[in-house]
Amino acid sequence: MTLQRFRWIAVVASLLTAAGGDLKAQTGMGQTFSYAPQPVAYGVAPGYAMAPAAVPSGAGFSFVSPASYAGGDGMYSGGPAIMDGSAACTCDECTASGSGLRRGHRLGQGIRSILALLAPYGEGGCCAPHWFDVHAEAVFMNLDNGGRFVEFSRDTSNVSRITSSDLGLSNEPGMRITGAYQTGPGSNLEFTYFGLFDYSTTATATGNEDLLSVFSDFTDLAPPNGLEQFDLANLHQVTQSHDYDSFELNYRRRWLGPTCAIQGSWLVGIRYAHVIEKLRWLSVVERDSNGDGLLDTGGEGYYNLDATNYMTGAQLGGDTWVCVLPGLNVGIDGKFGIYGNNASQRTSIYSIDFEDDFIGILPTERISNDRVTFIGELNLMVTYRLNHKLTLRGGYNLMFIDGVATAMNNFNPDIPQLTERTPFVSNKGDLFYDGFSIGAEYMW
């Protein structure tokens, strides 16, 4: 625990030191010599990427360098300057002579005016840096948690009633939220929470005192060779659940391509994540052995398994964005890291007997082990600006985790009363999440 705490302190101190260096290097509103854009001077192209002058065919207009206009909030609020004779005006103001077609954003006549309403908010053009103060999105992910095949229940006709294949974990909603704090020109600290995924699935089999369990190897035996509360049962019910949550602290540095068509960033940070899987088995046996209408044998049996993973480590990543048109961008974002995983499994088996009350079949068993785990994340995204502050965001998300303890891999059917039991923890499982997301970015 002391070593883990020291690793956290060392990594956080390194991130804060880098952020502090950026704060000292910040020199007002000027553009730095690096490719990192200055988010405060929003929409102003860096000096090395000035828009070239051009004269459209058949028109008396020429585009010059983007105008730097400080609006009421200190941000750029005008389009590129257009020369109309001797007078200069912004795109939102100029009207081409002859056709009367307004050349600014969301402007036009007839069908063009209608189509222009669907266009994104494009102030600042492609040179506007991809920036937000906070973003939040709903994420809907499917889960493939692999694991070995397990047959839990079978009837006396030798027909399988419940297997691990009946416990698929389907689409589940979660969320991702990120807050950004600018530490310098084109750089910031980000805190991200990703989680709230709570998968759960249940498989149920009913019978007439003919359900057999894997604990007795599906043999039709009465106690002591079988388990009174699990074999020759009327009900078998197996439930599996899965929870995922993670917290990240990252330092991000942004860059802008010379032509503004491509921009992106790189990041370095730390992440804490936990994965918890639970397996619950309920068995109900209702027997009238004397034929007097009274339940004098049987009862309820319970098998509880918790597989937990607590992962902490460093990660690297970045994103790249392509400007389709001002205000509409497509991009790819990725992160990967190596983590120390404290994996464990905890199992208990007990029953409630109709005659003998509580029976402890297996006292709580807990085994843990440490190993190295890999987490990789890839997101394909698109953003659409609605106005100066608000941008819609959506995409397709993938995440892979290798080296975790899962419920199926740690299921142990050996019962001390029937056979020798060897406790173990298996932390070699893998998880694959994929699904889509939709949300928004907001800038103060």
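Throughout, read-outs are computed from the coordinates displayed, never taken from laboratory work. A quick note: this is a predicted structure, and the numbers were derived from the prediction, not measured. Cβ: placed from backbone, ideal geometry, glycine included. Neighbour counts: every protein chain shown.
The fewest-to-most ranking of L378, L118 by surrounding Cβ atoms within 10 Å reads L118, L378.
Take the Cα of L196, step 7 Å toward its Cβ, do the same at N304, and the gap between the two points is 2.8 nm.
Counting only other residues whose beta carbon sits under 14 Å from that of I349, what net charge do I get with K and R as +1, D and E as -1? Neighbourhood net charge equals -3. For K389, a cut-off of 20 angstrom between C-alpha atoms picks up these aspartates and glutamates, skipping any fewer than 8 places away in its own chain: D73, D92, E123, D133, E137, E190, E441. In this rough spin-label picture, where each label sits 7 Å from Cα along the Cβ direction, the E420-A314 distance is 4.6 nm. The spacing between region 125-201 and region 410-438, judged by their C-alpha centroids, is 20 Å. Among Y396, Y244, Y433, sorting on how many other beta-carbon atoms sit within 10 Å of each Cβ, with the fewest leading, yields Y396, Y433, Y244. The simple spin-label model puts a point 7 Å past each Cα toward its Cβ; for L325 and L235 those points are separated by 6.1 nm. Taking each residue as 0.36 nm, the span from I359 to F140 lengthens on full extension beyond its C-alpha to C-alpha distance by 74.6 nm. The magnitude of the dipole of region 126-442, with charges of +1 and -1 set on the Cβ of Lys/Arg and Asp/Glu and taken from the Cα centre, is near 2440 debye. A cut-off of 5 Å between modelled amide H atoms, ignoring neighbours fewer than 5 places along the same chain, links F436 with F140, N397. Given axes a ≥ b ≥ c from the Cα gyration tensor, I'd like to know whether region 126-442 is rounded (a/c under 1.5), prolate (a/b larger than b/c) or oblate. Cα axes put region 126-442 in the prolate bin.
Counting other Cβ atoms within 10 Å as a rough exposure proxy, the listed residues E151, E172, E228 run E151, E172, E228 from fewest neighbours to most.
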